[in-house]
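Scroll down for the structure; my scribbles are underneath it.
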Amino acid sequence: MGRGGDAWATIAGPAQRRRRLSGGGGPSRDKLLAALAARGVSVLSYIPDASLLIVGRPEDVEEVVKETGAEMEEYGPEHCIAPEWDQVLGTAGASAAAGTSASNTSAANLQRQRRRLSHSADTGAAAPAGSGPLLARMAVFDPRVVPGGAGLEAARRRMRRQLGEGEVQEDAPLPPLYEVSVDLLPGLQRAALAAAEKEWPEALAKGANAAAKGRGRSIGECLPLVVAPASEGAGDGTCSDCWLRVYVCEQHLASAVSWLASQPVVKWVAPALRITRRNAAESILLQTGDLTLAQYSDPVGPASEEASRRPYRAAGLDGSGEVVGIGDTGIDLDSCYFADPRVNATSYRTLFTGYPPRYRPTDHRKIAQYYVVPGAVLGDDPVAEQSGGHGTHTSGSLAGAVLSGFDPYGPYNTDVATGGAPRARLSMVDINIPPSIYSRYSYMAPPQPVDTGYLSLHKAVGAAIVSDSWGSDQNLYDDMARAYDRFLWNNPDMISFIAAGNNGTDALTPGGSIGTPATAKNVVAVGNGLALPEAARLGYTVLVVRGFQLGAQREEWRVVMYPLENPFKPSLSAYLSGSGQVRLVLAKPADACSPLVNEPGALSGAVVLVRRGTCTFVSKAEAAFAAGGRAVVFMNNVQLMMLGPPEASRQYPNPVSVISQGLGDWFVGNISAGLSLTVASELVGLGVGSVHPSSSYGPMADGRIKPDIVAPGTDVVSAGANGAITANTCVSRQATLTGTSMATPQAAGHAALIRQYLRTGYYPTGSRDSPDSAPFAPSGMLIKALIIAGAQAMTSALSLGVTLGRGPDGFQGWGRLSLSGALPLPGWTDPRVSLQLADRGELAETGQEVSMTGISATGTGPVKVVLTWYDYPADVNAATQLVNDLDLTVTVAPQGGGLPYMLLGNNAEGAAFPGPDRTNVVERVVLSAPPAGAAITIAAAAAYAALPQAAFAQAALPQAAFTQAAITETTISQPAAAHATYS
């Protein structure tokens, strides 16, 4: 195996083996766990349903099987390979790379099931081996970021000089090394990781040379690199979260994945993904739930109207006392939206200490922490750092405010760029790595693992809310999503908001287009809505595709299409403007790589659908145009959307573009079923109920609702970055940006107002002066529940042109965030609105239940009930991510002996076949009009509590043997005196 050295061999020898145990219909959970513990067998994770991933000596595991009757399977190398590698290795490549044959075991079937959910095998369009979509999205070795990277880079250059083949400039770029993430079994000695750093590169090189069978020159400057975490570990010299980063050249990826997966201490091998970055009118909409034309035209308005525009801010809810964490491209500290008059901007560099450098002032009006990761540069220079001012803009949306004078705690101006929580302070972790010879573009590098390396930085300075407007465009539940779930499970007082992504136009992609880590269960994934009133009568020009039965004029369906277009040719919508409905015809053959055999004249004047693959874009387009085609729309042949537009023919001026594989397959399926398609350029109306077409959508492959909510993120005006930190006088520059990156800080900033509301005694009536005032520190789960309880339904998803109603669904989640829908406020909300909360419920075992009684309906309005909980992180090999399942039930007993009825969480009133939700960590019930006097009982029950905390090897978790949960019950037009008791 290439494992030399005593330190590594002692830890990684064959004594400990990975196994998968399934209780099935055999032993009880507790009996199985007791048997495992008695023999020192460690439980690594839980895989639904009723399976454990364990590690232990073979003889010990065999004894457990004999004693309990559990089913056991070997957890082989093929189960350690992430399905994303299929895009490099081929659909069947993962098993082949691991040196195993396809297995019929349930563990192998589980892996294949997850692979089907995340790859194009469902459609029969195999990803080409060695294809570029994944490689273009992978992180590469950058010595500025990697610990000890400068020395490793110098060694690579020495190796190139020693090869001495031809004239090579000393500073010429080396071939890129792609990053592979390797998760190891917990509890390894740190000495073992150090040994792996020294010994594994040689073993990986031998494997690469063996795979090449002696062809070509020495591995040379492509010598693999292995890097262990800098210092994480327990006091006994072990690591609780053990991992390595391995860097190899493209041609050696297959052999490296194979060798790594075969090591007994390796749990998971996955590609490390490159991470990219993803307000006055907005605050009106998020606080009031509406936006008038007058408010849109003049979002600041006179001071006399502040209470009707931003009622919660006018009531004193401005983020005071709150710290919000954010990881982004940094902050332009020259900006007046963050400047503290007591600090000269030119002196900031002298205030940073340590490595990595950090600044933790106790009295700065805006900065609670500024941390600069290795490779990042202090500040937010839009040009030099290629940041686009992203971090300054998102920070401004969170908490930006320009002072009216020189008192850092004095009045501030309300302008179009003032943030959602103007008195909050920020914990900024600057994770932007500027472009260099190692990376053509800037990218984000949050400290890893994100739970202990990144999120813990915010927690250390008192942040309870974190806003992250970055991620990958890969739609999967990976190590980073798991790390967010693990952090929130460990830290239930906190809440995390993550941008859902801007891939909404990748329509009909299986499993949705939301990118990790917004795919995590416990976070709030935020979609992008519009702050635009219908009365403005503004619209988008879109391409509307319609399906008709052949020979009939009856329209069967219509969808909106947003192709990725070549910018050097006319846009398709402009080209078709004024042409009415134009035929949309499939080329025959579909790839147009051999002579077209469509009926004579069939393509004349039509927009031609052509499948990507086999031959060049140019040759395909020229064949379609030669046959009379008016424009060409390519259909992608892999699930990952192209990063750039298709190449266009110089011979023809006609438009060329590309759509997602999912949408293309759907069009082809309808044509095959006998429908005729047309496409037209049309204007569609916009409003506050519109979800932006670029907003990524769900649901996830396992059926989970994502995004969770929507907030306005279109044409958001916020603080603008002005360049390097040089000025003695602040600059009030503003910028306008669009995306889920902009929506996320809007949501997080207003979550700070919710937390302040609860923390400072506005609960339950909305007044701190009320005798019922009950201040308390809420959990992050409760804040999430309040956001979902108050969410307002959206009306349309522009990415497909579909009509929406009450959520949840994969476009809006639970709806648009609205404080007015959740928080009573005297003088603003209906005085009959009441709010009742229960936080941090404890459910230890399956079947346990907690209930709220004593609630009577008035018959004058709806009742909303929401249950949320933070769930234990799922295993990366699991096809479904839910571990602990809770059920919400609401029972209504009419006054006078009427027949009681019950609603289950996430079921509509009057559902014909209601059933319990077995997928989500949020459940909501909406009673539209319960009869007056009806007794309402709210119950939360543990439908399935998977495992007690003590069963897991990796961490001590505060939840111990129970799942924490929060319930919010928002009663519209209910008496304020309504109360709740536990039974």
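The values are calculated or read from the model by the stated rules, or taken from the named source; none is laboratory data. Just so we're clear, the structure is a prediction, and the values are computed from it rather than from any experiment. FYI the Cβ positions are ideal-geometry reconstructions off the backbone, even for glycines, and counts take in every protein chain you see. Areas reflect the complete protein model, heavy atoms only, side chains present, ligands, DNA and RNA absent. Shrake-Rupley method; radii C 1.70, N 1.55, O 1.52, S 1.80 Å.
Descriptive notes on the structure:
- The single condition from (1) out of contact with any strand residue (DSSP E or B) (no Cβ under 6 Å at 6 or more places or on another chain); (2) at pLDDT 90 or above that Val833 fails is (2).
To keep it simple, each residue is scored yes or no on (1) closer than 26 Å to Thr714 by Cα; (2) modelled with pLDDT under 95.
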| residue | (1), (2) |
| --- | --- |
| Tyr348 | no, yes |
| Pro408 | no, yes |
| Pro411 | no, yes |
| Thr414 | yes, yes |
| Ala424 | yes, no |
| Val429 | yes, no |
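- Residue match in the stretch 415-433 (condition: assigned by the TED database to the domain that holds Gln746, of a type in the set (S, T, N, Q), crowded, with 20+ Cβ neighbours inside 10 Å and over 26 Å from the mean Cα position of the chain (by Cα)): yes
- Check on Asn670, assigned by the TED database to the domain that holds Arg558, more than 18 Å from Arg546 (Cβ to Cβ) and touching a Gly at 6+ places or on another chain (Cβ under 6 Å): no
- Only one of Val524, Val542, Val559 that is over 27 Å from Ala878 (Cβ atoms), open to solvent by less than 10 Å² (accessible area, probe 1.4 Å) and not aromatic (Phe, Trp, Tyr): Val542
- Of all residues assigned to the stretch 535-557, none qualifies as being under 30 Å from Ser818 (Cα atoms), assigned to a loop (DSSP other than H, G, I, E, B) and at pLDDT 90 or above.
- Subset of the stretch 836-846 [modelled with pLDDT of 90 or more and over 18 Å from Met781 (Cβ atoms)]: none
- Scanning the stretch 776-805 for residues that are open to solvent by 10 Å² or more (accessible area, probe 1.4 Å), of a type outside the set (A, V, I, L, M, F, W, C) and closer than 25 Å to Ser496 by Cα yields a single hit, Gln792.
- Residue list for the stretch 527-539, filter: open to solvent by 20 Å² or more (accessible area, probe 1.4 Å) and under 30 Å from Leu609 (Cβ atoms): Gly539
- Selection status of Ala507, on the phi < 0 side of the Ramachandran plot, hydrophobic (A, V, I, L, M, F, W, C), open to solvent by less than 10 Å² (accessible area, probe 1.4 Å) and touching a helix residue (DSSP H, G or I) at 6+ places or on another chain (Cβ under 9 Å): yes
- Annotation for the stretch 717-732: no member residue is assigned to a strand (DSSP E or B), under 20 Å from the mean Cα position of the chain (by Cα) and in the same structural domain as Ala464 (by the TED database).
- For the stretch 510-531, filtering for residues that are more than 10 Å from the chain's Cα centre (by Cα), part of a strand (DSSP E or B) and of a type in the set (A, V, I, L, M) leaves 0.
- Failed item in (1) more than 33 Å from the chain's Cα centre (by Cα); (2) open to solvent by less than 30 Å² (accessible area, probe 1.4 Å), with Gln895 passing the rest: (2)
- Test: Asp493 is open to solvent by 20 Å² or more (accessible area, probe 1.4 Å) and either β-branched (Val, Ile, Thr) or more than 22 Å from Trp85 (Cα to Cα) (or both): yes
- Number of the condition not met by Ile659 [criteria: (1) assigned by the TED database to the domain that holds Asp473; (2) of a type in the set (Val, Ile, Thr); (3) crowded, with 19+ Cβ neighbours inside 10 Å]: (1)
- Test set (1) farther than 30 Å from Leu53 by Cα; (2) of a type outside the set (D, E, K, R); (3) within 26 Å of the chain's Cα centre (by Cα) - Thr889 fails condition number: (3)
- Selected residue (criterion: most open to solvent (accessible area, probe 1.4 Å)) from residues of the stretch 830-857 that are among the hydroxyl-bearing types (Ser, Thr, Tyr) and in a strand (DSSP E or B): Ser856
The rows are residues; the columns are (1) on the phi > 0 side of the Ramachandran plot; (2) in the same structural domain as Ser255 (by the TED database); (3) modelled with pLDDT of 85 or more.
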| position | (1), (2), (3) |
| --- | --- |
| Arg3 | no, no, no |
| Arg17 | no, no, no |
| Leu33 | no, no, yes |
| Ala37 | no, no, yes |
| Ala50 | yes, no, no |
| Ile54 | no, no, yes |
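- One residue alone among Gly815, Gly827, Gly766 is at positive phi, surrounded by fewer than 20 Cβ atoms within 10 Å (Cβ to Cβ) and not hydrophobic (A, V, I, L, M, F, W, C), and that residue is Gly827.
- Candidates are the residues of the stretch 745-763 that are farther than 20 Å from Pro707 by Cβ and of a type in the set (A, V, I, L, M); the one that is surrounded by the most Cβ atoms within 10 Å (Cβ to Cβ) is Leu753.
- Within the stretch 26-70, the residues that satisfy the criterion of being among the acidic types (Asp, Glu) and more than 35 Å from the chain's Cα centre (by Cα) are Glu59, Asp60, Glu62, Glu63, Glu67.
- For the stretch 865-924, a residue qualifies if it is outside any strand (DSSP E or B), farther than 21 Å from Asn491 by Cα and of a type in the set (Gly, Ala, Ser), and the qualifying residues are Ala878, Ala879, Gly896, Gly897, Gly898, Gly905, Ala908, Gly910, Ala911, Ala912, Gly915.
- Hits in the stretch 369-411 (condition: within 18 Å of Pro745 (Cβ to Cβ), surrounded by fewer than 22 Cβ atoms within 10 Å (Cβ to Cβ) and over 24 Å from the mean Cα position of the chain (by Cα)): Pro382, Val402
- Checked against (1) in the same structural domain as Lys784 (by the TED database); (2) at pLDDT below 95; (3) touching a Ser or Thr at 6+ places or on another chain (Cβ under 6 Å), Ala748 passes all but a single condition, namely (2).
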